[in-house]
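Below is one structure, written out as structure tokens, with a few remarks after it.
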Amino acid sequence: MNFPEKCYNLLRKVPKGKVTTYKALAEALNSKAYRAVGKAMNKNPFAPEVPCHRVINSSGELGGFAYGIKEKIKLLKSEGVEIKNNKIDLKIYEYKF
């Protein structure tokens, strides 16, 4: 299994209403390849089954999204994730692997 596939398999565990970070995904895979996680999310051929919209920056900022940031916000809000000032409170919404 290649690195992107490992990312997608792990990301499938993150439930609606929760988020994870590029860093947390990489660390859960025993890696420091945070940017490679981001690249895998951007190229995700399995969306929305693999919910790449649930991956954000470690600072709580939204990060990027292949379908545009407005769509990412819409998807997260529809799942009950509160976004204030373009940030998500990781103390409330972070999924721990």
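Contact list please: Cβ distance under 6 Å, first residue in the stretch 10-29 and more than 15 Å from ILE92 (Cβ to Cβ), second residue in a helix (DSSP H, G or I) and of a type in the set (Val, Ile, Thr), pairs at least six apart or on different chains.
If the second residue must be in a helix (DSSP H, G or I) and of a type in the set (Val, Ile, Thr), the pairs left are TYR22/VAL37; LEU25/VAL37; ALA26/VAL37.
Are there any pairs, at least 6 apart or on different chains, whose C-beta atoms fall under 8 Å, with the first in the stretch 62-76 and at positive phi and the second surrounded by 15 or more Cβ atoms within 10 Å (Cβ to Cβ), and if so, which?
Partner pairs satisfying both residue conditions: GLY63/TYR22; GLY63/GLY38; GLY63/VAL55; GLY63/ILE56; GLY63/ASN57.
For the subset of the stretch 49-62 comprising residues that are surrounded by fewer than 17 Cβ atoms within 10 Å (Cβ to Cβ) and farther than 17 Å from LYS16 by Cβ, which member is farthest from the chain's Cα centre (by Cα)? It would help to see each step written out before you state the result.
Going through the stretch 49-62, the residues surrounded by fewer than 17 Cβ atoms within 10 Å (Cβ to Cβ) turn out to be 49, 58-59, 61.
Remaining after also requiring farther than 17 Å from LYS16 by Cβ: 58-59, 61.
Working: SER58: 10, SER59: 13, GLU61: 11 Å.
Looking at residues that are surrounded by fewer than 17 Cβ atoms within 10 Å (Cβ to Cβ) and farther than 17 Å from LYS16 by Cβ, I get SER59.
Taking the stated definitions as given, is ALA66 of a type outside the set (Lys, Arg), surrounded by fewer than 17 Cβ atoms within 10 Å (Cβ to Cβ) and in contact with a Cys (Cβ under 8 Å, 6 or more places away or on another chain)?
On the way: of a type outside the set (Lys, Arg): yes; surrounded by fewer than 17 Cβ atoms within 10 Å (Cβ to Cβ): yes; in contact with a Cys (Cβ under 8 Å, 6 or more places away or on another chain): yes.
In short, yes.
Determine whether ALA36 is in contact with a strand residue (DSSP E or B) (Cβ under 8 Å, 6 or more places away or on another chain) and surrounded by 15 or more Cβ atoms within 10 Å (Cβ to Cβ). It would help to see each step written out before you state the result.
Numbers: in contact with a strand residue (DSSP E or B) (Cβ under 8 Å, 6 or more places away or on another chain): no; surrounded by 15 or more Cβ atoms within 10 Å (Cβ to Cβ): yes.
In short, no.
Can you tell me how many residues within the stretch 43-57 are over 21 Å from LYS77 (Cβ atoms) and either touching a helix residue (DSSP H, G or I) at 6+ places or on another chain (Cβ under 8 Å) or in contact (Cβ under 8 Å) with a residue 12 or more places away in the chain (or both)? So that I can check it myself, show each step before the final result.
Here is the first cut: in the stretch 43-57, the ones over 21 Å from LYS77 (Cβ atoms) are 43, 45-46.
Checking which are either touching a helix residue (DSSP H, G or I) at 6+ places or on another chain (Cβ under 8 Å) or in contact (Cβ under 8 Å) with a residue 12 or more places away in the chain (or both) leaves us with 43, 46.
Going through the stretch 43-57 one residue at a time, the tally reaches 2.
I need the full set of residues from the stretch 61-96 which are at pLDDT 95 or above, under 21 Å from ALA36 (Cβ atoms) and of a type in the set (Phe, Trp, Tyr), in order please.
TYR95
The values are calculated or read from the model by the stated rules, or taken from the named source; none is laboratory data. Everything numeric here is computed off the predicted structure, so don't read it as measured data. Don't worry about glycine lacking a Cβ; one is built from the backbone with ideal geometry, like all the others, and counts go over all protein chains shown.
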